[in-house]
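The values are calculated or read from the model by the stated rules, or taken from the named source; none is laboratory data. Quick caveat, the model's predicted, so the values are computed rather than measured. Quick reminder, even Gly has a Cβ in these numbers, built from the backbone with ideal geometry, and neighbours come from all protein chains shown.
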Amino acid sequence: MKSHKLGMSEQQRQRTEAEVRDERHTLGTWTRQRDFEPTEVVDTEEFRFVTADGDSILDFSSQLVCTSLGYDAERVEEAVADAVREVPYTQPGNSTRYRAELAEKLAEVTPGSLNRTFFSTSGTEANEAAFKIARAYTGKEQIMSRYRSYHGATAASLSASGDPRRTAVSSSVQPGVPGMVKAPDPYAYGSTLDPEESLEYIDEQLMLEGDTVAAVLVEPLVGSNGVLTPPDDYLPRLREIAHDHGALLICDEVMTGFGRTGEWFASDLYDVEPDIITMAKGLTGSYQPLAGTIVTEEVAEYLDDNLLNHGHTFSGHPVACAAGSAAIETYREEGLVENARDVGEYLEEALEGLVDRHPSAGERRGIGLHQGIELSKHPDERVPFEERIDKVSERTTVVDEVAERAYDNGVYFYTSMSTIVVTPPLGVTESDVDEAVAALDDALEHSDAKVEV
């Protein structure tokens, strides 16, 4: 999978010493290694990162939808420093105040009776733990997920994903981990099913699978597969359907957790209590690698008498948990969840203005500061410029070129297939939105020129 090259081309600038050493000795993620050309970042400030070339770039995707606190979260920085000095590590069978405090805070901010958390280090690990717990609790094997989804890079999580990366290199990914079933999405941009029909389809699938599905796994708002936003009644109905068939509902909130949608969790938008929530990214604002799999008290009570056949050396790492606890305090004390809701409304209106002005801007989707614009090559029909497989192809896509132009204008946007992902840190202001939208307004002229008329 090609990397997104930022800034000037190799021919226009000399590679820094760090970049050259990095390319020589590091395997880059999701890329053919000949295309691995990382840009050296030498500093950060508030909502910007600074490159070795001296460019200060406004980060309007929170990198990979993860730097939700920006880059000056002093409370988190101090908590990490204190924990390193006090208890840099202890094995998971021991207790620390850092883990205890964070676990208690997670029980407070998550929906309903979600109460006990297994800690790991990344979103994919959080999902792997959820699969094991759901299978143990229900005594069933299969996990149902959706085609337009991403749940992580490890074997089971990638097998559960519908993302094109699952099928990119058959020798390394396929046939994948057994026991994964795919279902349709609430997506009206090329799907033959409307959202209600997709729910009926899932209901029938669960019936036809014959009581073998342990859990239905969904992102409440899809992230890297296009910021898909369901109708208000979709998630409550999905939970009801899953429970009717004896399956749990797992909500992957790795991207949408911790205020991004203007609620602590996207599940709160729909007044739904999942049986399991998985989380990472915003859990520490990415100041430390940390993830969690939180379960309801009912599921936890089952594990009181039955083996949790799962573990990690770094489960509940004290320094990471200190960062997580301080991050939650920061979200609370600085009113960042509320800011995501308020500024999210301003951002939504501004992005709708772009859709009105640009024929290549096919549709805006999202809630709060979890937004995206999908590009279209036809002004009157929703026809994406790129095919799904282009996510792992070698060609430079139109959406990549739009993001490149926005970057040249001083603003970073993450892209996925035909979608520009607009997910800034939660503390941004309306002024930051104006700067980012202006950069994108100019960049969309590139895709406008490629519209078919």
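Scan the range 302-329 residue by residue and report those that are polar (S, T, N, Q), surrounded by fewer than 22 Cβ atoms within 10 Å (Cβ to Cβ) and farther than 16 Å from GLY93 by Cα. Listed by number, the list holds a single entry, ASN306. Among the criteria (1) closer than 18 Å to PRO236 by Cα; (2) modelled with pLDDT of 85 or more, the one GLY179 does not fulfil is (1). Being under 26 Å from HIS378 (Cα atoms) and outside the structural domain of SER62 (by TED's automatic domain parsing) is a description that does not apply to VAL437. If you check MET144 against the conditions, is it buried (at least 24 other Cβ atoms within 10 Å of the Cβ), among the aliphatic types (A, V, I, L, M) and at pLDDT 95 or above? Yes; evaluated as a whole, the condition is true for this residue. Residues in the range 204-226 that are surrounded by fewer than 17 Cβ atoms within 10 Å (Cβ to Cβ) and either in contact with a Pro (Cβ under 8 Å, 6 or more places away or on another chain) or without any contact (Cβ under 8 Å) to a residue 40 or more places away in the chain (or both): GLU204, MET207, LEU208, GLY210. I'd like to know if the range 365-385 contains one or more residues that are farther than 30 Å from GLU45 by Cβ, under 21 Å from the mean Cα position of the chain (by Cα) and either without any contact (Cβ under 8 Å) to a residue 60 or more places away in the chain or assigned to a helix (DSSP H, G or I) (or both). No, the range 365-385 contains no residue that is farther than 30 Å from GLU45 by Cβ, under 21 Å from the mean Cα position of the chain (by Cα) and either without any contact (Cβ under 8 Å) to a residue 60 or more places away in the chain or assigned to a helix (DSSP H, G or I) (or both).
Do the conditions hold for THR330, that is, is it of a type in the set (Ser, Thr, Tyr) and free of Cβ contacts under 8 Å to residues at least 24 places away in the same chain? Judged against the criteria, THR330 is not a match.
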